[in-house]
Amino acid sequence: MHAPLAVSISHLKKSYGSFAAVQDISLDIKAGEVFGVLGVNGAGKTTTLRMLAGILTPTAGDISIFGISLRDNPIEAKRICGYIPDRPYLYNKLTGREFLYFVSDLYHVPVEMAERNIERLLAEYKLTEWQYELIESYSHGMKQRLATCAALIHEPKLLIVDEPMVGLDPHGAKFLKAAFRRYAAEGMTVLLSTHSLNVAEEVADRLVIIDRGKIIALGTLAEIRSQTNSSLDNEENLESLFLRLTGDDELSRTT
Amino acid sequence: MVLRTAITLVKPKVLSLKNSIFKTGSWAQQALIILGTIIVLAWLPSAIFFSVRDTLKEFSSDLQPGGFLELIATTFASIFMIAACIHALQIFFVARENELFLLAPLTKAAFFGGRYLESCFAASWVLLILFLPMLYGYAAHVHAPWHFYVFSTLYFIFLILIESAIAIGFVVLLSRIYPARRLKELFIIMALIGVILLHFYSKSTSFVFPTIHDGNIEAFQETIRAWHKSIAARSGQFFSLPLITLQRGAFFETIALFCGLGALWGLSYAASLRIFSDFYELSNALERWQHVRKPQQTFWLQKPRSLFLSFFQKDLHLFLRDIAQPVQLILFVAIAGVTLISFRQSSLLKGALGGDALLFDDIIFTVGLLGHILLTVLFAGRFIFPALALEEESRWLIQGSPISGLDFINAKYCSQSVLTLIILLPLYVVIGFLSDLSLERITIGAVLSTISILGIDAIAIGSGSLLARLWSNNLGATTSTLGSFIYMMVSLLILPLCLVFSIGLASFYSLLVADSLSFNGIVCCIIYASIIRLVAGFFLRRASQMW
């Protein structure tokens, strides 16, 4: 039996004037999987993710989230999504707890559920001790963890994460990778873009590699190997595959 | 070496400005930006020049010698001192690029020189655009010779160089005892003390409200005379004396003056450099109060829940925790209070009205209401207008959440309006009681004021959304940057609209007074409220489309 589709993207395009940031992307993401989006800087990963989160409007194409069209019914679609940007802006003069209250109101989370989730998430992300202090006194990693709590407060079915490991220490990174796997096991779909190839290799069930706004490879690591006729060996790692696909053959041979 | 460093340090700013004009948008947009800038930069000085020249013609017989020069020189010198302090703080402590510059192999003198020149330019260019045309207008009025224009400009430049050096030294020293990032608040408190002193001082000289005769010209002349007698003007002679000397055009005096100014500049620069070399520490000054763990008192209500309440609570918490904002608010209140109480205490006015208490109350009521609306405009310009621009950074959160653009704008509008009402309405009522207005007049005034606040806030939110992408969070601190200057000009567009409201208020008031609180008066209030609701609705819809 096939898992239901969490995300369906068809012929997605985004242009800024004459520059096409995303060109005709179509893909499906199954519910409960961790899906990795890879690409070099400027490939169009963040633009794609921001369109999925409803922050940017596509120039063409459609996105549906659990069968709800983001174009026709953005409010309903956003209700089941959580988004963590790479550099989240948080209100410096609010405390962590106040910020989470504010976000729970934005998502119309019932009071009891909000209280329960705030306690749980603050404890899970080790922020309980800091909850009554101003966000401006938080370190970068703590701000990133607070943004993650904010994205999870309404128990989304789809979590969109842009560069989750930026600035995290090894403990934080390990914790987050385990958390993504656990959320997926619980039925949540996690869509993450990353520069870190080992994160993608470790966490993602399936991957898409984007280059210059187009999909150049899609599938599990094994499927990508077979799609690209990897002649080196069956154990060719993601880094060398990535470098080869994104055009740096010489570098890929040295890895 | 210093000049070369200065050019290197300023280069990123110049290139950024060039790129922001020439590398964004179509050529038509670029042409529009350039044309708009030229028009603003040409129109403003020309308008000031001609209005000063033509106005002075009216007072030629009564104007005391040097009085106008004192007014210009003192005002310029005082405002520039505050601007120079704020820019010194901005350029030496807040600017992010300092970390980059301090990493570079530059001597302290070269770094100081480069930043000093930038500080001089950044703090002065807007003031020069405003004050030089005034000076030239005066010069044209007195038919001053050509060299007066050149030398008086040079004198202003020396003032800028000297005051900037003093300001940098002062700020660096101050940062040793008070965290640099909070110095802005200290400056605002100093300004507040200045206003209070001005109040006591104005009572003794009748400066704020001089004797009012039957014409405006006499009132203005009284103001000038009162100003001339004041301590501020006497100290102002210190700044204006060089200009009077220059106006006389004596050769040796001019030479001696500029030698003196040159020496003073050298001395202030050397002293400031010495202070900088000995005491400047970027990291200490900034980080001393950052990352301070301090549990906060929260008064966040969990029930009842609504989007409006949530935005209101968030904005209120942010407002109260940013100490600069309440302090600026107190400043507004102080200005309003001082003005109206001074007006009320002015026995001269009562005398001029022949003891007509009713007419006196009417004037207090009307002027109080107009003043209150102008205060609302100031408040809206400072706090409500940038509200959406400030939310721009949290766009990822707002737009990612399941609320529509209109819901967001309405919630934001309601939250800001309630905040304005909480702050400004009691102010109006208190000032009304202090001025012995009748309860009826206070009630009418409060209703009209509430309606106006709702309208003005809607306009501020709507027009602010036009500039939501122009990120600028502290208008007061960065008035000299190009973006903020344009930002400020656009906020001032709210003023004419509010004056239209004020005219509406005045005419409704006359009707209300004629029939007391009659049916006609209530109908007028309803019509007035409906018109404002329509205008507000239009602005809010536009804002939601733009967000």
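Checked against (1) crowded, with 17+ Cβ neighbours inside 10 Å; (2) in a helix (DSSP H, G or I); (3) in contact with a Leu (Cβ under 8 Å, 6 or more places away or on another chain), residue B:396 passes all but a single condition, namely (3).
Within region B:427-444, does at least one residue satisfy the condition of being part of a helix (DSSP H, G or I), hydroxyl-bearing (Ser, Thr, Tyr) and under 30 Å from residue A:79 (Cα atoms)? Working first, answer last.
Start the filter on region B:427-444 by keeping residues that are part of a helix (DSSP H, G or I), which leaves B:427-434, B:439-444.
Now drop any that are not hydroxyl-bearing (Ser, Thr, Tyr), which leaves B:428, B:443.
Now restrict to residues that are under 30 Å from residue A:79 (Cα atoms): none.
Checked against the condition, which is being part of a helix (DSSP H, G or I), hydroxyl-bearing (Ser, Thr, Tyr) and under 30 Å from residue A:79 (Cα atoms), region B:427-444 yields no hits at all.
Inclusion of residue A:234 among residues that are modelled with pLDDT under 85, out of contact with any Leu (no Cβ under 7 Å at 6 or more places or on another chain), within 23 Å of residue A:85 (Cβ to Cβ) and of a type in the set (S, T, N, Q) is not warranted.
Kindly indicate whether any position in region A:144-158 is free of Cβ contacts under 8 Å to residues at least 12 places away in the same chain and farther than 30 Å from residue A:5 by Cβ.
Going through region A:144-158, the residues free of Cβ contacts under 8 Å to residues at least 12 places away in the same chain turn out to be none.
No, that holds for no residue.
With the checklist (1) under 19 Å from residue B:391 (Cβ atoms); (2) touching a Ser or Thr at 6+ places or on another chain (Cβ under 9 Å); (3) not acidic (Asp, Glu) in hand, flag the one item residue A:143 doesn't pass. (2) is the only condition that residue A:143 fails.
Just one of A:78, A:126 is touching a residue at least 12 places away in the same chain (Cβ under 8 Å) and facing chain B (nearest Cβ under 9 Å); which is it?
Numbers: A:126 fails: facing chain B (nearest Cβ under 9 Å).
After ruling out the rest, the residue left standing is A:78.
The residues of region A:99-123 that are more than 8 Å from every other protein chain (Cβ to nearest Cβ) and surrounded by fewer than 15 Cβ atoms within 10 Å (Cβ to Cβ), listed by number, are A:110, A:112, A:113, A:116, A:119, A:120, A:123.
Can you say whether residue B:406 is away from every other protein chain (no Cβ under 14 Å) and part of a helix (DSSP H, G or I), as far as the supplied structure shows? Considered against the rule, which asks whether it is away from every other protein chain (no Cβ under 14 Å) and part of a helix (DSSP H, G or I), residue B:406 comes out as no.
Whether any residue in region B:475-487 is within 23 Å of the chain's Cα centre (by Cα), surrounded by 18 or more Cβ atoms within 10 Å (Cβ to Cβ) and at pLDDT 75 or above is what I want to check. No, region B:475-487 contains no residue that is within 23 Å of the chain's Cα centre (by Cα), surrounded by 18 or more Cβ atoms within 10 Å (Cβ to Cβ) and at pLDDT 75 or above.
With A:86, A:105 as the choices, which residue is among the acidic types (Asp, Glu) and over 14 Å from the mean Cα position of the chain (by Cα)? Exactly one of A:86, A:105 is among the acidic types (Asp, Glu) and over 14 Å from the mean Cα position of the chain (by Cα), namely A:105. Taken over region B:379-393, the criterion of being of a type outside the set (Phe, Trp, Tyr) and in a helix (DSSP H, G or I) is satisfied by B:380, B:381, B:382, B:384, B:387, B:388, B:389, B:390, B:391, B:392, B:393. For region B:128-138, a residue qualifies if it is surrounded by 17 or more Cβ atoms within 10 Å (Cβ to Cβ) and in contact (Cβ under 8 Å) with a residue 40 or more places away in the chain, and the qualifying residues are B:131, B:132, B:133, B:134, B:135, B:136, B:137, B:138. Strands (runs of 3 or more DSSP E) fully within region A:145-235 that include at least 2 residues being within 16 Å of the chain's Cα centre (by Cα): A:158-162, A:189-193, A:206-211.
Residue check: residue A:66 meets all listed conditions (1) facing chain B (nearest Cβ under 9 Å); (2) on the phi > 0 side of the Ramachandran plot but one, namely (1).
Just checking, does region B:419-435 include any residue being out of contact with any Leu (no Cβ under 6 Å at 6 or more places or on another chain), closer than 13 Å to residue B:315 by Cα and crowded, with 17+ Cβ neighbours inside 10 Å? Yes, region B:419-435 has at least one match. Run down B:359, B:309, B:331 and say which single residue is at pLDDT 65 or above, assigned to a helix (DSSP H, G or I) and exposed (fewer than 14 other Cβ atoms within 10 Å of the Cβ). B:359 is the lone residue from the list that is at pLDDT 65 or above, assigned to a helix (DSSP H, G or I) and exposed (fewer than 14 other Cβ atoms within 10 Å of the Cβ).
Counting only residues that are without any contact (Cβ under 8 Å) to a residue 40 or more places away in the chain and within 21 Å of residue B:50 (Cβ to Cβ), region B:151-170 holds 1 of them.
The values are calculated or read from the model by the stated rules, or taken from the named source; none is laboratory data. Predicted model only: the values in this text are computed from it and were never measured. Backbone-built Cβ (ideal geometry, glycine too); neighbour counts: all protein chains shown.
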